[in-house]
1. Tell me, what HN-Hα J-couplings in whole Hz come from the Karplus equation 6.51 cos²θ - 1.76 cosθ + 1.60 at θ = phi - 60° for each residue of region 11-18, using x for Gly and Pro?
2. Can you give the FRET efficiency to the nearest 0.05 for Ser50 and Asp182, using r as the Cβ-Cβ distance and R₀ = 25 Å?
3. With every protein chain kept in place and ligands, DNA and RNA left out, what is the accessible area per residue of the chain? Probe 1.4 Å, answer in Å².
4. So for the chain, averaging the separation of alpha carbon pairs under 8 Å that are six or more residues apart and normalising by length, what relative contact order in percent results?
5. Based solely on its DSSP helices, what 222 nm [θ] is calculated for the chain when runs of n ≥ 4 H residues each add -39,500 (n - 2.57) and the sum is averaged over all residues, nearest 500 deg cm²/dmol?
6. Please state the shape class of region 269-420: rounded when a/c is under 1.5, otherwise prolate if a/b exceeds b/c and oblate if not, all from the C-alpha gyration tensor.
7. Just need the relative contact order of region 1-148 here, percent rounded to a whole number, with Cα pairs under 8 Å and 6+ apart.
8. Compare the peptides 103-115, 20-32 by average per-residue count of other Cβ atoms within 10 angstrom and give them in order, highest first.
Amino acid sequence: MWYVSTRGMAPRVDFEGALFSGYASDGGLFMPEELPQLNRETLCQWSTLSYPGLVKELCALFIGSELIPKDDLNGTSGDTGSAAIESVQGAKNVDIIVLLPKGHCTKIQELQMTTVLKENVHVFGVEGNSDELDEPIKAVFADTVFVKKHNLMSLNSINWSRILVQMAHHFFAYFQCAPSLDTHPLPLVEVVVPTGAAGNLAAGYIAQKIGLPIRLVVAVNRNDIIHRTVQQGDFSLSEVVKSTLASAMDIQVPYNMERVFWLLSGSDSQVTRALMEQFERTQSLNLPKELHSKLSEAMTSESVSDEAIIQTMGRCWDENQYLLCPHSAVAVNYHYQQMDRQQPSSTPRCCLAPASAAKFPEAVLAAGLTPETPAEIRALEHKETRCTPMRRGDTWMLMLRDTIEDLSWRWKGHVLNASQ
């Protein structure tokens, strides 16, 4: 399996090359050169698998067995910052740098990251939003010599491996919701995807392209660039990022839409490069009619206000005694709208729930509900914290580069001492 850049100007790489990278050298994102196609027999076999079992089968499709044997492919995907820290904290051969958008996530989310005091964990509190902190990351990864020299990789959905693992959400949802796999053709399931950077949406669209019979609905908060793109072909920035209760979705630059555009264009890197370069230059883009038409056929969309999020959280608790996180509520709001419009459908619907409500007590209180805070979460408030500020006025890219170079020198010192 080979991987190519969506912009077509970077050398193709194998899975290892895509894994140990961020953006491609031409500013694009890595995608499989060819997508495998799943037949009915394979889908029926997969329908009995556990979630980890599905992850393993999907990874095996996209990773050569000579790189990672199939039996070694047991891993999964979680809340990027805290999950990434949890996976490597205390490891002897890797350091992790996390950029935390200070004030743009909940106190609990911050504590999950800043209370890890292991030597190999380096958390920066950025005085900016998610879009702004992506800029120095992209600038660092654009220097391919620097990336190779210091063995850098990204762990957010810039990285193909993150998209790959998220595909399992859609397969697992389908097998849980499909009434029967005995029908011809296989039944359709509607999957509602709450999203910000569009990673989970790209994963769902790829799942659809390789043969999973799902219909996609993308649900966003008031930062509605994806909604405007699907409805009107208007892929343009608003004046400001709006702060909402669904804070992880407060994103104006959904960089994974580049992967969606590339797929919609028939893997045409020249078209994709022209579109994305225009967007980066002008922060405004009207999709060509043909591309917008294909996008509208592939998915529908909804934008949800804070008020609707609160109402949805309250309604779900009243009707089901289930506590939604605000991001999950963005998806469930679409479901309630369809029910209230009395638009019955024989198509089963699944709303993806990306996080636990325990991380968002402020939103739970705003909905008039009582937060359920596990003991291990409450314990975070009494732990020591460590976080390096990245203030406005600082040169964030240089701070990142200096930190990386400092860590590399430390590693070289360890190796030298060990050899002596």
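The values are calculated or read from the model by the stated rules, or taken from the named source; none is laboratory data. All of these numbers come straight from a predicted model, not from anything done at the bench. Note that each Cβ is placed from the backbone with ideal geometry, even for glycine, and that neighbours are counted across all protein chains shown. For accessibility, only protein heavy atoms count, side chains too; no ligands or nucleic acids. Shrake-Rupley method; radii C 1.70, N 1.55, O 1.52, S 1.80 Å.
1. Running phi through 6.51 cos²θ - 1.76 cosθ + 1.60 with θ = phi - 60° gives x, 6, 9, 8, 4, 4, x, 6 Hz.
2. 0.70
3. I get 47 Å² per residue for this part.
4. 19 percent
5. Using -39500 (n - 2.57) per qualifying helix, the result is -14000 deg cm²/dmol.
6. Verdict is oblate for region 269-420.
7. RCO, region 1-148: 21 percent.
8. Most protected by this proxy first, the peptides run 20-32, 103-115.
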